[in-house]
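To start, the structure under review is shown below, and the notes come after it.
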Amino acid sequence: MSAPKTPRNVAEATALLEHYGELAEAAAFIETTRNAAIASANAQADAELAPLLTELAAIAARAERWWTAKGRAALAEKRKSIELGGCEIGSRASGAKLAHGFDDDDKAVEALRGTRFGNLTTKTKHSLDRAATLKLLKAGGKTGKALEALGFKIDAGADSFFLTRIEQAGTIAPH
């Protein structure tokens, strides 16, 4: 497939863009077909998986009751798990987590602030407020000049090219 030539006039550009629209429509149709096939495969797999997952959860619940009541007795000293029936069963200790009696972490921070260990147990995070800084630069004046002296400036942005297919009135869209 050779690359199309760059149009030299509006008529050639129109023909090129009509071809682009046709290709974009064909690509959208392929995407729609693929997505429908994926959705169908997912629905079939979900239907087959649902009863298996239900039974797995029921077996796991029964195994956990057995493990808690009698299974640990089958362990060698200092072990927390064992292989049985092609599976590994056991228990894990979770890592230590901080707990507190406050409604939320913000209230816990308030309680720590001003104490001798407040600086050891809390953090301050600074971030650039881009909108506020841009507003100050746009306003100019002494503040704007001072920010410019620090190395800040307004980046006006650049034009970027775009090309999208327009849905034609009275046609069926491939969605």
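The values are calculated or read from the model by the stated rules, or taken from the named source; none is laboratory data. All values reported here derive from a predicted model rather than from experimental measurement. We place every Cβ from the backbone using ideal geometry, glycine too, and count neighbours over all the protein chains shown. Please note that ligands, DNA and RNA were not included when accessible areas were found on the heavy atoms of the full protein model with its side chains. Shrake-Rupley method; radii C 1.70, N 1.55, O 1.52, S 1.80 Å.
Number of Lys-Lys pairs in the chain with C-alpha atoms under 29 Å apart and a separation of 8 or more places or on different chains: 21. Of [x] 10, 36, 34, 15, 4, 1, 0; [y] 6, 12, 10, 13, 21, 17, 15, 5, 0; [z] 9, 34, 31, 19, 7, 1, which is the value of P(r) over Cα pairs in 10 Å bins from 0, in percent derived from the coordinates here? Looking at P(r) over Cα pairs in 10 Å bins from 0, in percent for this model, the match is [y]. Net charge of the neighbourhood of V109, taken over other residues with C-beta under 13 Å away and scored Lys/Arg +1, Asp/Glu -1, is -1. Nonpolar atom fraction for the chain, defined as the carbon and sulfur part of the 1.4 Å probe accessible area, stands at 58 percent.
A Förster radius of 25 Å combined with the Cβ-Cβ distance from N119 to T143 puts the calculated FRET efficiency at roughly 0.20. Accessible surface for the chain, divided over its residues, is 91 Å² per residue with a 1.4 Å probe. For the chain, the mean residue ellipticity at 222 nm estimated from helices alone is -17500 deg cm²/dmol, where every DSSP H run of n ≥ 4 contributes -39500 (n - 2.57) and the total is divided by all residues, rounded to the nearest 500.
Taking E31, E148, E88 in turn, the Gaussian network model of the chain (Cα-Cα springs below 10 Å) assigns the largest fluctuation to E148. Within the shell of other residues whose beta carbon sits under 12 angstrom from the beta carbon of R165, the net charge comes to -4, with Lys and Arg scored +1 and Asp and Glu -1.
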